[in-house]
Structures are given as structure tokens and as C-alpha cells.
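Here's the structure, in C-alpha cells; my notes come after.
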């Protein structure tokens, strides 16, 4: 390996340090430019009962739709600390918000008229403990 730095490299480095130009930050630019323009809201349903969570999400989706929100991130948690696990008469899979809230939304025709699609959230938005709701635009 050559440990000696060439004169050209030294000159380039010196020019770089003395330059007043800003360095382009590739991490700040996104290939999907529309993501920055979309209006996103988040709601956290941790700690709510199923009945309360369904009422809250119903009101929240309606409010977001009328305020032209594009995407809602719904955080339900993964249900790992649910007290229902201790009850042998309650299903461990279907009693937690993670599964029940999306099913409530899909079965509600009024809400589904406002929704384009529902999908699991990216890891940065909560992964398996959250999901995205993409809303339609209001027709004028």
C-alpha cells in the first residue's frame, strides 16, 4: 500500500478546505419528492380499550379526511404486554389492538369510502406495531 500522499491530492484537499462552497448532502435528498409534500398525522392507541380505540380512530380518520391529510400512522403496539395473554378464555391473536383496529376500519363502510389503502408501517414508523392509512382526496 502506498502511504505517501501525492502532490495533486494535497492540492485538492487544500482547495477543498479553503472553498466556501457547501458540500452536497446526499442524505437530505429523497428520490420520492412527493413524500415531503404529503401531510401525515400520527395517532397512538397504546393503553386504550378496544371499544375506546375504535371510537377514537373513527373520529380521527374522519377529521383527517376533512383536513386533507394524505397519510395516517396508527400506532397500536405489538400487544406484547397485553393483559389479555393472562386470560385463557381470550384469543391471544384477535384481542389486541394490532389486529382488531384494522378489522374494525375495514368493516366500517363509512370509513372505507375515505380510505385508499391500509398497509403495515415501515420500520421507521413503528413496523409491526403500527400501520398506515392512505386517505382519498375530497372531491370538490
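The values are calculated or read from the model by the stated rules, or taken from the named source; none is laboratory data. Computed from a predicted structure; not experimentally measured. Neighbour counts run over all protein chains shown; Cβ positions are idealised from the backbone, glycine included.
Pairing residues of the stretch 106-126 that are closer than 16 Å to residue 78 by Cβ with residues that are surrounded by fewer than 15 Cβ atoms within 10 Å (Cβ to Cβ) and modelled with pLDDT under 90, at Cβ distances under 8 Å and at least 6 apart in sequence or on separate chains, gives 120/127; 120/128; 121/127.
For the stretch 126-140, the set of residues classified as surrounded by 13 or more Cβ atoms within 10 Å (Cβ to Cβ) and within 10 Å of the chain's Cα centre (by Cα) consists of 126, 130, 131, 132, 133, listed by residue number.
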